[in-house]
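The structure appears right after this line, and notes come after that.
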Amino acid sequence: MDDDALPRSEQYFSERPRSRSAPSELRFLYRGELLAFTVDRGIFSSRGLDPGTALLIENLSVRRTDRVLDVGCGWGPVGVAAAKAARKGHVVLTEVNRRAARRARENLERNRVANAEVRVGAFFEPVAGEQFDVIATNPPYRAGRPHVLRLLTEAPHHLLEGGRLVLVGKGSQGIRFYQRWLEEHWPGTVEVLGRGSGYRVLEGRLSSSPTREGGDRRGALDPPPTGA
């Protein structure tokens, strides 16, 4: 986690960072395409693509028609990559940090991504009542264990039947604890998709979708009409 650029009293999950904005440029290759991003201070991984997020992107399998949710998107690397893979699907990026959300929107435009959108809010609040094929996240571990467990507990209610939660973490962030928690509580299968640099990527696959009252379980997440 790249918190060294933040004031002691400020974390990357602050809604309105107080640190002075200092945008810089970043590029990385994804599936043969060079993606370009603007990053900024007061945002997670403000000095480059952190190894955990890079490992998450490397192990994130997305079908062309998938509907994907990127929880805590930061400046948008996972969401942009997912949108490039799900070219006939749709991606929603959520982020509580308003500076990060602004940069993520800019980065969608920079990379000519039309099948994705950014919504401001914590965890699943911006997608209430909606469900997805894939949820991807590098959780805000520094926010504390209760917040991460809230994310893991609520995730199944936002997945379609057979949907997948894919998350990354490292040993110092307690990823082994969260793996054991998922193995005990997740309503489906749990496996390790990848390891590297002390990180591991976990996947929880839903065996059945939690029942919801009324309406289409796919929610309101339809791709926007052309020109919207």
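Every number here is computed from the coordinates shown, using simple stated rules; none is lab data. A quick note: this is a predicted structure, and the numbers were derived from the prediction, not measured. Ideal geometry is used to build each Cβ from the backbone, glycine not excepted, and the neighbour counts take in all protein chains shown.
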Output the residues belonging to the range 73-92 that are free of Cβ contacts under 8 Å to residues at least 60 places away in the same chain and of a type in the set (Val, Ile, Thr). Val80, Val91
Does Ala82 count as more than 23 Å from Gly174 (Cα to Cα), assigned to a helix (DSSP H, G or I) and touching a Leu at 6+ places or on another chain (Cβ under 6 Å)? no
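Need a quick list: strands (runs of 3 or more DSSP E) entirely within the range 93-198 having at least 3 residues that are free of Cβ contacts under 8 Å to residues at least 24 places away in the same chain and either surrounded by fewer than 14 Cβ atoms within 10 Å (Cβ to Cβ) or touching a Gly at 6+ places or on another chain (Cβ under 8 Å) (or both).
Of the strands (runs of 3 or more DSSP E) lying wholly inside the range 93-198, those with at least 3 residues that are free of Cβ contacts under 8 Å to residues at least 24 places away in the same chain and either surrounded by fewer than 14 Cβ atoms within 10 Å (Cβ to Cβ) or touching a Gly at 6+ places or on another chain (Cβ under 8 Å) (or both) span 188-196.
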Looking at the range 164-213 only, could you name the residues that are farther than 22 Å from Val62 by Cβ and basic (Lys, Arg)? Lys170, Arg176, Arg180, Arg212
Within the set of pairs 6+ apart or on separate chains, which have a first residue in the range 60-72 that is small (Gly, Ala, Ser), a second that is part of a loop (DSSP other than H, G, I, E, B) and surrounded by fewer than 24 Cβ atoms within 10 Å (Cβ to Cβ), and C-beta atoms under 6 Å apart? Gly72/Pro140
